[in-house]
Amino acid sequence: MSIEIDKLISEAEKVLDNSYAPYSRIRVASAVLCSDGRVFTGVNVENSSYGLTVCAERTAIFNAVTNGCRDFRAIAIVTDFDEPLTPCGACRQVMIEFVSDIIIVSKSVKTGIVKEYRLSELLPHAFKLKR
Ligand code: THU
């Protein structure tokens with residue numbers, strides 16, 4: 001794994017404690033690497049009305065977009081769950097809105113297991129409108 005990806009994982013790890021997950025107790029954090037080198041992070045934010053929960057990946061992507069970055073090169077996901085998480089369908093769709101493909105690296109800080117995917121393999125035949 002490249003130093004760049006290692007750094008992205010460690011940026012996500014830095015905010016993992018800020019995850020708000022009192023219901024599932026699965027803490028998740030994410031970091032997005034932009035093409036200009038900037039990194040934006042996010043955590044999962046749950047709610048008493050469960051359906052309002054927002055995943056860490058979407059929080060990180062919306063944080064990047066808010067700060068003027070729409071061109072991502074990679075996204076890291078870290079969790080204290082037993083195994084690395086793959087992004088949910090909603091987050092995959094949000095990713096494909098901005099990029100044609102992206103490296104997705106996912107780590108369980110509990111076990112140290114790291115998995116790497118490409119968005120194109122996790123979301124084939126994606127729905128996307130022409131802009
Ligand atoms: N979650 C994420 O933040 N990212 C994922 O990739 C999968 C799931 C969150 C949502 C919820 O707060 C908790 O993990 C359990 O589903």
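The values are calculated or read from the model by the stated rules, or taken from the named source; none is laboratory data. Just so we're clear, the structure is a prediction, and the values are computed from it rather than from any experiment. No Cβ is skipped: glycine too gets one built from the backbone with ideal geometry, and neighbour counts run over all protein chains shown. Each accessible area value is taken on the protein alone, full model and side chains, heavy atoms only, with ligands, DNA and RNA left out. Shrake-Rupley method; radii C 1.70, N 1.55, O 1.52, S 1.80 Å.
General observations
- Shown here is the pair-distance distribution of the stretch 3-75: with all Cα-Cα distances grouped in 5 Å bins from zero up to the longest one, the shares run 4, 19, 27, 21, 15, 9, 4, 1 percent.
- The stretch 3-122, dipole about Cα centre (Lys/Arg Cβ +1, Asp/Glu Cβ -1), debye to the nearest 20: 120 debye
- Label-point gap, in nm, between residue 92 and residue 18 - each point 7 angstrom along Cα→Cβ: 2.8 nm
- Pairs of Lys residues in the chain that lie 8 or more places apart, or on two chains, and have C-alpha atoms under 25 angstrom apart add up to 7.
- Rounded to the nearest Hz, the phi-derived 3J(HN,Hα) couplings of the stretch 122-131 under the Karplus curve 6.51 cos²θ - 1.76 cosθ + 1.60 (θ = phi - 60°) are 8, 9, x, 6, 5, 7, 8, 7, 6, 9, where x marks glycine and proline.
- DSSP bridge orientation in the chain - percent antiparallel, rounded to nearest 5: 70 percent
- Relative contact order (%) - criterion: Cα under 8 Å, at least six apart; region: the stretch 3-131: 21 percent
- 3J(HN,Hα) along the stretch 78-86, derived from phi through the Karplus expression 6.51 cos²θ - 1.76 cosθ + 1.60 where θ = phi - 60°, amounts to 10, 8, 9, 5, 5, 9, x, 9, 9 Hz, with x in place of Gly and Pro.
- With the simple spin-label model, which puts each label point 7 Å out from Cα in the Cβ direction, the residue 52 to residue 81 separation comes to 2.3 nm.
- The stretch between residue 38 and residue 126 holds 29.0 nm of extra length on full extension. This uses 0.36 nm per residue minus the Cα-Cα distance.
- Hull-based mean projected area of the chain, where the convex hull spans the alpha carbons, in square nanometres: 8.0 nm²
- Span-like helix ranges in the chain, DSSP H, alpha carbon extent 20 angstrom or more, Kyte mean at least 0.0: none
- Protein accessible area in the stretch 3-122, 1.4 Å probe - carbon and sulfur %: 51 percent
- With 0.36 nm allotted per residue and the present C-alpha distance subtracted, the residue 114-residue 70 stretch has 13.3 nm of extension available.
- Here the Karplus relation 6.51 cos²θ - 1.76 cosθ + 1.60, evaluated at θ = phi - 60°, turns the backbone of the stretch 24-37 into coupling constants of 7, 6, 9, 8, 9, 9, 9, 9, 10, 9, 8, 5, 8, x Hz, with x for every Gly and Pro.
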